[in-house]
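J.: Quick one: structure below, then a few questions.
The values are calculated or read from the model by the stated rules, or taken from the named source; none is laboratory data. Quick caveat: nothing in here was measured; it's all calculated off a predicted structure. For neighbour counting, all protein chains shown are included, and Cβ atoms are generated from backbone atoms with ideal geometry for every residue, glycine included. SASA here: full protein model, heavy atoms, side chains in, ligands and nucleic acids out. Shrake-Rupley method; radii C 1.70, N 1.55, O 1.52, S 1.80 Å.
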Amino acid sequence: MQQREEKQLEASIESLISRVAQLKNSLHSFIFKLENEYDRLAWPSVLDNFALLSGQLNTINKLLRNEKTPSFRNQVIIPLLLSPDRDEELAKLTEQRVPVFSHEIVPDHLRTKPDPEVEEQEKQLSAEAARIGPDVAQKQIQTLNKLCSNLLEKLNNPREDRETESAAMRQNKPSFNPADTTALVAAVGFGKGLAKCRPPGPVAPGQPGQGPMMAGGPTLQQVTIAGSSGPQAAIGGPVPPQQPGQPGKMPSNIKTNIKSASMQHPYR
């Protein structure tokens, strides 16, 4: 009876090792394609590799759940020899990953429980989960399911639909105001909406650098200079009538005062 169980255990281990070797080769092949053939790797080929890996994992799970497979949890592994020296046979079996079977490596490779730090984190998470009430937990589950459903729906939609939706969103949310742009162009090109103003004071015609008066400003007929020839000139009085016999000729005292006022003007 014991010999039969031992043979059954050996056969199960050999079958499991064979399945794991196939899975490892598939992973190596897929990783090699991702690293060296990514420029010509098509998406259907990637999906085929994922399907192959998924099928091999399912096969291993079925093998472990088979009734004829003995429970590996009931088996105990005891290290018989520990040495700090390099073991070539062990390095060959593990593909150079475990060259030495020493006191430092055994606790990591023969551990049946997680690390103490991981166990402590699991206890904290379990305690937090126990503090959450059933109603709150149900709401969180529903929220998570809703987010996952929306994400799956977006992933399942064709790429063209997502691009069309993104373009529509960009069109519906302009980054500028058309009315402000039109007003700015009209103001720069045609002066529309600009204030019509000029510095106060007379501007003598014919002087260099002086352009024509802007519309809306005071004209020469609206500005008069008092008879005083001093620098202080009164502005805003009535225009004296022209002398008979001299049409269009300005009196000399007015000419002098106009010249003096223009020289003292701050905008000149």
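J.: Probe radius 1.4 Å, ligands and nucleic acids left out: which of Leu147, Leu82, Leu57 has the largest accessible area, and how do the rest follow?
T.: Sorted by accessible area, descending: Leu147, Leu57, Leu82.
J.: Given C-alpha coordinates of the stretch 76-119, what is the ratio Rg to Rh with the Kirkwood estimate of Rh?
T.: Working: Rg = 11.8 Å, Rh = 11.5 Å.
My calculation of the ratio gives 1.02.
J.: Further question on the same structure: Computed over the Cα atoms of the stretch 14-80, what is the ratio Rg over Rh, Rh following Kirkwood?
T.: Expressed as Rg/Rh, it is 1.15.
J.: For the stretch 86-158 and the stretch 1-33, what is the centre-to-centre distance using only Cα atoms, to the nearest Å?
T.: Here the answer is 23 Å between Cα centres.
J.: Taking a 1.4 Å probe, which of Thr112, Thr143 shows the most accessible area, and what order do the others take after it?
T.: Putting Thr112, Thr143 in descending order of accessible area: Thr112, Thr143.
J.: Follow-up question, since we're still on this one. Rounded to the nearest 10 Å², what accessible area does Asp85 show when all protein chains are kept and the probe is 1.4 Å?
T.: Surface accessible to solvent at Asp85 totals approximately 110 Å².
J.: Moving on to the next point. Which net charge results for the neighbourhood of Gln96, defined as the other residues with beta-carbon distances under 13 angstrom from its beta-carbon, given Lys and Arg at +1 and Asp and Glu at -1?
T.: Local charge sum for Gln96: -1.
J.: Using protein chains only and a probe of 1.4 angstrom, how many square angstrom of Val106 are accessible, to the nearest 10?
T.: 20
J.: According to the Kirkwood expression over distinct Cα-Cα pairs, how big is the hydrodynamic radius of the stretch 1-115, in Å?
T.: After inverting the pairwise mean of 1/r, the radius is 17.4 Å.
J.: Between Phe101 and residues 5 or more places away or on another chain, which pairs have amide H atoms under 5 Å apart, with H built 1.01 Å from N, and which residues are they?
T.: Amide H neighbours of Phe101, under 5 Å, 5+ apart: Ser83, Asp87.
J.: Quick one: order Ser102, Ser126 from most to least accessible surface, probe 1.4 Å.
T.: Ser126, Ser102
J.: Moving to a separate point now. For the stretch 18-106, what does the relative contact order come out to in percent, with C-alpha contacts under 8 Å and a separation of six or more?
T.: Computed value for the stretch 18-106: 21 percent relative contact order.
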